[in-house]
Amino acid sequence: MRTIGITGGIGSGKTALTDYLAKKGITIVDADLAARVIVEPGRPALNAIFEHFGPKLAQDDGSLDRAALRSIVFANPEARLWLEQLTHPLIGQEIQDQLARAAGPYRVLSSPLLLEGSQAALVDYVVVVDVPEALQVERASARDNNDPEQIKRIMAAQLARNDRLARADYVVDNSGGLDELYAQSELLHSHLLNLV
Ligand code: ATP
């Protein structure tokens, strides 16, 4: 079974596209969700984080205070490196486990950082969801009720638009409305069915 990578910067429309494909019965493995699963209560990574940074990172129900962890690693590169060395291999394993359980004509790995790190090795074909940067900022800040400057900082840590496009096997242009995105999603789905 082919594994299709879907990527695009923050707010580009990956989730809108993959929700459409999920309705067609395609298994979507979402790298951001995998990153959350591996720090759920009961998972070894969570205990390691509490041991390293202290129990202050635990919320009352025992789950991870993600915002507090984010602010620690944002301010401290060493802490960030430690956390990445712990979590990246576990996220990679979780993604591979989820992909291995998928059935269907093809399966999808959706990841904002597909091309930035080692996840690219897990996919056979790369689909990029592309929008102009200004639209990315507008949609992502409206969705998250977030400061546009914060969105721009996240974009700066992701591949530049042209570098991402240069690595695409297929580009979905999401600069139009949602109806146009869904029309393109249908075309993409047919194309991917014919690839297998
Ligand atoms: P992230 O990497 O941040 O998770 P994403 O690539 O998954 O982002 P979405 O969440 O799918 O992006 O889209 C960002 C926001 O823009 C959402 O609120 C979504 O509903 C909206 N959106 C996506 N595509 C369109 C479109 N063509 N027209 C209008 N709004 C759109």
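Some notes on this structure:
- Segment 45-95: number of residues that are in contact (Cβ under 8 Å) with a residue 40 or more places away in the chain and in contact with a Leu (Cβ under 8 Å, 6 or more places away or on another chain): 2
- Residue selected from segment 167-181 under the condition assigned to a helix (DSSP H, G or I) and exposed (fewer than 14 other Cβ atoms within 10 Å of the Cβ), by the criterion nearest to the ligand (Cβ to nearest atom): LEU178
- Boolean, VAL126 is more than 12 Å from the ligand (Cβ to nearest atom), hydrophobic (A, V, I, L, M, F, W, C), modelled with pLDDT of 95 or more and not in a helix (DSSP H, G or I): yes
- Of all the criteria given as (1) within 22 Å of TYR20 (Cα to Cα); (2) within 14 Å of the ligand (Cβ to nearest atom); (3) in a helix (DSSP H, G or I); (4) modelled with pLDDT of 95 or more, the one not satisfied by HIS189 is (2).
- The criterion of at least 3 residues that are modelled with pLDDT of 95 or more is met by the following helices (runs of 4 or more DSSP H) wholly inside segment 11-76: 14-23, 31-37, 44-53.
- Qualifying residue in segment 141-158 (condition: within 14 Å of the ligand (Cβ to nearest atom), among the basic types (Lys, Arg), in a helix (DSSP H, G or I) and within 19 Å of LEU33 (Cα to Cα)): yes
- Pairing residues of segment 6-27 that are surrounded by 17 or more Cβ atoms within 10 Å (Cβ to Cβ) with residues that are among the aromatic types (Phe, Trp, Tyr), at Cβ distances under 8 Å and at least 6 apart in sequence or on separate chains, gives TYR20/TYR182; ILE26/TYR106.
- Scanning segment 117-132 for residues that are in contact (Cβ under 8 Å) with a residue 60 or more places away in the chain and either buried (at least 17 other Cβ atoms within 10 Å of the Cβ) or in contact with a helix residue (DSSP H, G or I) (Cβ under 8 Å, 6 or more places away or on another chain) (or both) yields GLN119, LEU122, VAL123, TYR125, VAL126, VAL127, VAL128, VAL129, ASP130, VAL131.
The values are calculated or read from the model by the stated rules, or taken from the named source; none is laboratory data. Nothing here was measured: the structure is a model prediction, and the numbers come from that model. Every residue, glycine among them, receives a Cβ derived from its backbone with ideal geometry; neighbour counts consider all protein chains shown.
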